[in-house]
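Reviewing the structure listed below.
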Amino acid sequence: MITFQGVHKWFKSLHVLNDINLHVTSGEVLVVCGPSGSGKSTLIRTINQLEPIDKGTLTVDGMDLLDKKTDINKLRAEVGFVFQQFNLYPHLSVLNNIILAPTKIRKTAKRDAEEQAMALLERVGLAEKRNAYPSQLSGGQQQRVAIARALAMKPRIMLFDEPTSALDPEMIGEVLAVMKDLAVSGMTMVVVTHEMGFAREVAHRVAFMDAGTVLEEATPDEFFSRPKHERAQQFLRQLL
Ligand code: ADP
Ligand code: MG
C-alpha cells in the first residue's frame, strides 16, 4: 500500500528525511516514534503529499507521488488524516462535519451520506451527539468525530499524527480504543504516537526515527524488549 524507496526531503539546508525506506502492506499498522524534531510529521505528511518529497520513490496504493499525472485529489480521498488538533468546523454540527466531504467531494447524496455518518457515529460511540457542535464536546469526543469524519471518505489508508497528544489523560483511552477497533477491522494505518502501550498491543511494526532517518524498524516485541540502537534505548527509557 505504501512504499518509500530512498526518499529524501530538505527544508532549505535541513535534511529532514534522509534515505527513508519503508514498506506498509495492506491491513498493516505501522507505528512511528522518535524524539521531537526527528521528522515523524514530515514523513507521515508526505504520504498524502501535504509535503512533497525531493528525491526517491514514494508509491501509495499504486500511485507514484512523483509522477505529475498522479491525481492528488484522488490520493487525498483515499488517505484519511487525523491530526493532533481535531480541526472540526466549529460552525457545523457533528453530523454536518462528517457529511461535508462526502457530499461535496464524493458527490454522495445527502441522505446516503447522513446514513453512513450515523453508522460511523455509532462506531465511535457518539450517535447521540449528532446535533451537537464541536465546542459542546470534550477533546476526546472531538477527536472521535474527527476520526469518523476521515472514515466518511471511505479511505484505504488512515494516517494519525499524535492523535492523543492534545488530550487530557482521561480521554486518551477512548480515542485509542477507536483506533484499535479500526486496526482490528483491517485498515492500513500509519500512526505517529508516543503511546507505547498502543504500539505494543496494536502495531505490526514500529519504526524509530532519529534525525531524519529510520534508525530502527522492528516488531513491537523486538523493539520494546531489545532496541538495538543507543538512541532508541534512550528514547524508551525517557518515556518510562
Ligand atoms: P517531528 O514530527 O518528529 O517532531 P517534524 O517532521 O515536525 O518532526 O520536523 C522535523 C524537522 O523539520 C524539525 O527540525 C522542524 O523544525 C523542521 N520543519 C518541519 N516543518 C518545517 C517547515 N515547513 N519548514 C522548515 N522546517 C520545518
Ligand atoms: Mg510531529
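The values are calculated or read from the model by the stated rules, or taken from the named source; none is laboratory data. Please read all numbers here as calculations on a predicted model, not as lab measurements. Don't worry about glycine lacking a Cβ; one is built from the backbone with ideal geometry, like all the others, and counts go over all protein chains shown. We work out accessible area using only protein heavy atoms, side chains counted, and drop any ligands, DNA or RNA first. Shrake-Rupley method; radii C 1.70, N 1.55, O 1.52, S 1.80 Å.
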- So residue 61 fits all but one of (1) within 16 Å of ligand 2 (Cβ to nearest atom); (2) in contact with a Lys or Arg (Cβ under 6 Å, 6 or more places away or on another chain); (3) of a type in the set (D, E, K, R); what number is the exception? (1)
- Task: Name the residue, out of 211, 232, that is open to solvent by 30 Å² or more (accessible area, probe 1.4 Å), among the small types (Gly, Ala, Ser) and closer than 26 Å to residue 9 by Cα.
- Result: 211
- Item | Yes/no for residue 41 being within 15 Å of ligand 2 (Cβ to nearest atom), open to solvent by 20 Å² or more (accessible area, probe 1.4 Å) and touching a residue at least 40 places away in the same chain (Cβ under 8 Å) | yes
- Matching residues in the stretch 153-208 - criterion: being within 16 Å of ligand 2 (Cβ to nearest atom), within 23 Å of residue 98 (Cα to Cα) and open to solvent by 30 Å² or more (accessible area, probe 1.4 Å): 162, 165, 166
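For the subset of the stretch 14-38 comprising residues that are among the β-branched types (Val, Ile, Thr) and open to solvent by 10 Å² or more (accessible area, probe 1.4 Å), which member is farthest from ligand 2 (Cβ to nearest atom)?
25
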